[in-house]
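The values are calculated or read from the model by the stated rules, or taken from the named source; none is laboratory data. The model shown is predicted, which means the values in this text are computed figures rather than measured ones. Every residue, glycine as well, gets a Cβ built from its backbone with ideal geometry; the counts of neighbours run over all protein chains shown.
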């Protein structure tokens, strides 16, 4: 097991099989967030925070679009099994102790968004020598950078005054989504010979 | 900044002592805290508390020096740092103090000296206020008990920088603020390598959580008098992130304290002047154990190199000024 993607080819490119698996995972996760946001966004905006929702939706769509074009795809039959299992994981989950279904759904969407944006660090998988001219390398760096900004909306919402009475429930929901996302991400990486430091 | 990554369980033979350099985890609530103990099982031990963007490997030079001097040494990653768990939304400073309490409990009945830098200095101060009876001495370094406007605004700017530019941007801000030209110059063409390990182990959300634990920070000054253990306060001569006045608050409120100014040093002198700082830690602990320590609110100047003489700050001059201004007559 390696800590980073690779071995790189002579031009500093990540092997196509690793590109394919990583990109498929990220497309699944960010695609799921985009679908949830599209569902939550009203046709006509009525509150200021709807503008942020709109921005998030299009940023998630950009991530998916970027990966589809920047990845050097390889045939990977295992994805036929993996993708459905990932998609199932992103489905809405109830949040215990939150009786209001709309609020629970919003918290779960934000928790999943926080986990996908915070727990997954695709650029940290790149070895030192990865070529900055390679589109896949650039895509991973861009996605990680943008994730740091995107998660601010989730942080503001999840740590906001409105949810303070439900702090423990919200915290538990986010911790669970993080654990789930990390587990799937680590398992996917192991499948292509990568093990993040400190994870076994 | 050579980052030497050891195996999960390594061992070293230092000065005839067989010492285990273990990397176990401590359980705190549902979280794991990664720590490392080196050196003899008995006798004095130092517990070192990281700064905000630090990770425990950056104390490697201290481990070597202190173990060679028959000290135990404990380093750890705070919750939210390095290989310790990173709580997703909330980390309170009380959590760090509680972790420290658990860690110090595991060391048993031996003289414990607690040292912390910057953010870690706050945690060490809070620990000494709440659990002073469990330590033999305290070393706050590049730290503060208050958040005056300059530091508050700098902290806000760093948080905004982290949010907008990520960990890399925060590092870009901190490196030139906290380290000298002499340290940076030979590394100018390798800065990406210097920053890489810190960037790898630090997650934006976790650093943000650590920073946001200051949003409701209450000054510690009114409680500093409760610190009854010998205290050596270390401050870099050119530290403008936490300047002299912030350390002066510690000196004037902690009864058995002395302020030692590290010449030509900036905020991150523990990194830049590791040999000197480790030597000062050893000398302080020995003075305390041999009952030779006398803080007395003194202001002293550390030597340029390890082993040199610590001299008093000239009594007639004002140590809070950057020019040789005489103290006002009082």
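Exactly one of (1) surrounded by 14 or more Cβ atoms within 10 Å (Cβ to Cβ); (2) part of a helix (DSSP H, G or I); (3) touching a residue at least 24 places away in the same chain (Cβ under 8 Å); (4) at negative phi is unmet by residue B:238. Its number?
(2)
As an exercise: evaluate residue B:215 against (1) within 14 Å of another protein chain (Cβ to nearest Cβ); (2) surrounded by 14 or more Cβ atoms within 10 Å (Cβ to Cβ); (3) under 21 Å from residue B:116 (Cβ atoms) and give the number of the one condition it does not meet.
(2)
Could you say whether any residue in segment B:95-112 is modelled with pLDDT of 95 or more and within 14 Å of another protein chain (Cβ to nearest Cβ)?
Yes.
Taking the options B:179, B:164, B:191, name whichever one is over 24 Å from residue B:209 (Cα atoms), free of Cβ contacts under 8 Å to residues at least 40 places away in the same chain and touching a helix residue (DSSP H, G or I) at 6+ places or on another chain (Cβ under 8 Å).
Exactly one residue qualifies, and that residue is B:191.
Evaluate the following for residue B:255: is it closer than 26 Å to residue B:276 by Cα, more than 17 Å from the chain's Cα centre (by Cα), more than 14 Å from chain A (Cβ to nearest Cβ) and assigned to a loop (DSSP other than H, G, I, E, B)?
yes
Just to be sure I understand, how many residues within segment A:143-191 are surrounded by 15 or more Cβ atoms within 10 Å (Cβ to Cβ) and either facing chain B (nearest Cβ under 7 Å) or more than 12 Å from the chain's Cα centre (by Cα) (or both)?
Qualifying residue count for the region: 26.
Could you check how many residues of segment B:72-112 are part of a loop (DSSP other than H, G, I, E, B) and closer than 20 Å to residue B:133 by Cα?
6
Determine, yes or no, whether residue B:154 is more than 14 Å from chain A (Cβ to nearest Cβ), more than 27 Å from residue B:30 (Cα to Cα) and in contact with a strand residue (DSSP E or B) (Cβ under 9 Å, 6 or more places away or on another chain).
When the stated conditions are applied, residue B:154 does not pass them.
Is it the case that residue B:267 is closer than 23 Å to residue B:49 by Cα, in contact (Cβ under 8 Å) with a residue 12 or more places away in the chain and out of contact with any strand residue (DSSP E or B) (no Cβ under 9 Å at 6 or more places or on another chain)?
Against the criterion (closer than 23 Å to residue B:49 by Cα, in contact (Cβ under 8 Å) with a residue 12 or more places away in the chain and out of contact with any strand residue (DSSP E or B) (no Cβ under 9 Å at 6 or more places or on another chain)), residue B:267 does not qualify.
I'd like the full set of residues that are crowded, with 18+ Cβ neighbours inside 10 Å and either part of a helix (DSSP H, G or I) or within 12 Å of chain A (Cβ to nearest Cβ) (or both), limited to segment B:220-231.
B:224
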